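The values are calculated or read from the model by the stated rules, or taken from the named source; none is laboratory data. Note that the coordinates shown come from a computational prediction; the quantities given were computed from them, not determined experimentally. Neighbour counts run over all protein chains shown; Cβ positions are idealised from the backbone, glycine included. These accessible areas exclude ligands, DNA and RNA; they are computed on the full protein's heavy atoms, side chains included. Shrake-Rupley method; radii C 1.70, N 1.55, O 1.52, S 1.80 Å.
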Amino acid sequence: MINSSLTNCYALPAISRRFVPVWRRNFLVWRKLAVASVLGNLVDPMIMLFGLGYGLGGVMSGGGTSYFSFLAAGFVASATMYAASFEAMFSAFSRMHGQKTWDAILNAPMDLDDVVTGELVWAASKGLLSGVAILMVAVVFGYAPLSGAIAAVPAAMLIGLTFAALALTMNALAQGYDFFSYYMTLVLTPMMMLSGVFFPVGQLPAAVQTAAAVFPLYHGVALVRPIVGGTLPPEWLVHAGVLIAYAAAGFYVALVLTRRRLLS
Amino acid sequence: MSAALEVRELAKSYGGEPVVRGVGFTVEAGECFGLLGPNGAGKTTTLRLCLGLTAPDAGGIRLLGHDVPTQARDARRRVGVVPQLDSLDPDFTVAENLLVYGRYFGLGDAAIAARIPALLGFAGLSGRSDARIHTLSGGMKRRLTLARALINDPDLLVLDEPTTGLDPQARHLIWERLRQLMQEGKTLLLTTHFMEEAERLCTRLLIMDAGRVITLGSPRELIAAHIEPEVVEVHGPRCDAWAGQRAQGLASRVESVGETVFCYTQRADPLLESIAAHPRLTYLHRRANLEDVFLKLTGRDLRD
């Protein structure tokens, strides 16, 4: 096999099943801390959901129940986004930079593409886990049908892949952990506010609505919310297409930047 | 015996700054080959190039019959690496570190589990398989890293400064294990700062500086070729004056470094007699070693 990523950092991603042991390595670490981690995945969004759902929902016309459902579906998208981003930045960076885990892997018959692919799928899995935790809460409390929650799983995985890929580009550029705070504060937080997580995007001024349609999270929310409710949105192909495009472009850019960083 | 590693006219620059400049050498199967040089000489970059972790600007590498970097991954199936910096997984136990690492070689969990007891025995870590990494001493961690590098039963072991930072006991144990591996027929390629280590372990070695090969040979050949057999190190008040007046005629080479005068000679007796006439001078008379060769060829200037 010719290893072209070494001589040409713009080579297309070489995806192989070799990413699996990288994923399994991260999974094993997670499993050791699973109880605390799952508890956090469940309790965190529940506090947000119940606080905002009942409090804010109560003062809104239409009552708490429907707003709770609305918010829960939005949180599936935003929690997936945050968990995947966090894993692909802070955690991946410590494996790449601090612990030298990536260096050790690269001494084995593994390519950098395998490592980055493994991190991508792993971070997406972590995101999915957060999304599924919220879906479970919504189902248990009767704010989403089980069938809708199950149908939303592939969409949540796609959101996870998208934000994992984007965060891996940040990882490739970072000189330290501080760098990620800028991305969280300047990119992710505004995106969450404008993508229809807390209120329908239709409430925003027309110009802002147009701008919001650029955000991947907007498409994530627009895809997930109807599916959780039990209907496939008519424009689902557009929303999924935009997410796939962000994921593919993000992954490619992340790979190019990471190759330049580590293989030069 | 065929060559385990062939390197031809290797060149690599970083940001226009040449780091490796026309390095060439061959490591025969079954030998322990040392790469020596001061900090910044290009040793680690040369290793990275040989492993196919970065592409050379020019030159050719053949590692265990595979072209590098094009077939580097295939070559690395038969290679074990002990990196300079600790890269053990702090979240895992000793045994989990080996299990997870073996998977990167495509080994099945059962095959890895079957190898772990012997590897832990070799590393002197039997009974420690469930220990957390942070409970291990520096020497234990290095031995575990060595065991990890052997998970795929490699033909060639690459070690980047394997004993840096270890105390003498831990260092001797690593040396012992490396000799054992040579007995088993494995090929070793190592970098080191310790001349004693190179002299004890290496069948042949290469001294490099500023990205170039300065000399290559067995430790004994290099000492014979580059340096007088005996050394007298002299300290004491006005040893400089003694060196200027007396030592110059009695030694083939005299080097004054700070408070010490190094006299290199074929025969030390006349020097020792002269020192005896200056009771305030103290001295150390010893055989020339690889460190003398190293310092002669690369200079005594500090490298950072």
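Details
- So A:SER16, is it farther than 28 Å from A:LEU232 by Cα, within 14 Å of another protein chain (Cβ to nearest Cβ) and not in a helix (DSSP H, G or I): yes
- Residues of region B:72-90 classified as surrounded by fewer than 19 Cβ atoms within 10 Å (Cβ to Cβ), of a type in the set (D, E, K, R) and free of Cβ contacts under 8 Å to residues at least 24 places away in the same chain, total: 1
- Only one of the listed residues (B:ARG204, B:ARG220, B:ARG177, B:ARG200) is farther than 30 Å from B:PRO18 by Cβ, surrounded by 16 or more Cβ atoms within 10 Å (Cβ to Cβ) and not aromatic (Phe, Trp, Tyr). That residue is B:ARG177.
- Only one of the numbered conditions (1) within 7 Å of another protein chain (Cβ to nearest Cβ); (2) free of Cβ contacts under 8 Å to residues at least 12 places away in the same chain; (3) aliphatic (A, V, I, L, M) is violated by B:ALA111, and that is (1).
- Cβ separations smaller than 7 Å between residues 6+ apart or across chains give the following pairs from region A:105-116 residues that are more than 7 Å from chain B (Cβ to nearest Cβ) and within 11 Å of B:LEU53 (Cβ to Cβ) to residues that are part of a helix (DSSP H, G or I) and among the hydrophobic types (A, V, I, L, M, F, W, C): A:LEU112/A:LEU106; A:LEU112/A:LEU262.
- Test: A:ALA79 is away from every other protein chain (no Cβ under 14 Å), open to solvent by 20 Å² or more (accessible area, probe 1.4 Å), at negative phi and among the aliphatic types (A, V, I, L, M): yes
- Residue in region A:60-76 that is most open to solvent (accessible area, probe 1.4 Å), counting only those that are part of a helix (DSSP H, G or I) and hydroxyl-bearing (Ser, Thr, Tyr): A:THR65
- Failed condition for B:THR70, given (1) at pLDDT below 95; (2) under 22 Å from the mean Cα position of the chain (by Cα): (2)
- Just one of the listed residues (A:PHE251, A:PHE198) is open to solvent by less than 70 Å² (accessible area, probe 1.4 Å), aromatic (Phe, Trp, Tyr) and closer than 30 Å to B:ARG48 by Cα, and it is A:PHE251.
- If you go through region B:51-71 and pick out every residue that is open to solvent by 50 Å² or more (accessible area, probe 1.4 Å) and either hydrophobic (A, V, I, L, M, F, W, C) or within 8 Å of chain A (Cβ to nearest Cβ) (or both), you end up with 2.
- Every pair of residues 6+ apart whose Cβ atoms lie under 8 Å, when the first sits in region B:129-153 and is closer than 19 Å to B:ALA114 by Cβ and within 11 Å of another protein chain (Cβ to nearest Cβ) while the second is open to solvent by 40 Å² or more (accessible area, probe 1.4 Å) and among the charged types (D, E, K, R): B:ILE151/B:ARG115; B:ASN152/B:ARG77; B:ASN152/B:ARG78
- For region B:24-41, residues that are more than 23 Å from B:ASP155 (Cα to Cα) and open to solvent by less than 10 Å² (accessible area, probe 1.4 Å) total 2.
- For region A:114-125, the tally of residues that are over 18 Å from A:ALA14 (Cβ atoms) and either surrounded by fewer than 24 Cβ atoms within 10 Å (Cβ to Cβ) or of a type in the set (S, T, N, Q) (or both) stands at 1.
Okay, residues lined up against (1) within 14 Å of another protein chain (Cβ to nearest Cβ); (2) in contact with a Gly (Cβ under 8 Å, 6 or more places away or on another chain); (3) open to solvent by 50 Å² or more (accessible area, probe 1.4 Å):
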residue: A:THR7; (1), (2), (3): yes, no, yes
residue: A:VAL35; (1), (2), (3): no, no, yes
residue: A:MET48; (1), (2), (3): no, no, yes
residue: A:GLY58; (1), (2), (3): no, yes, yes
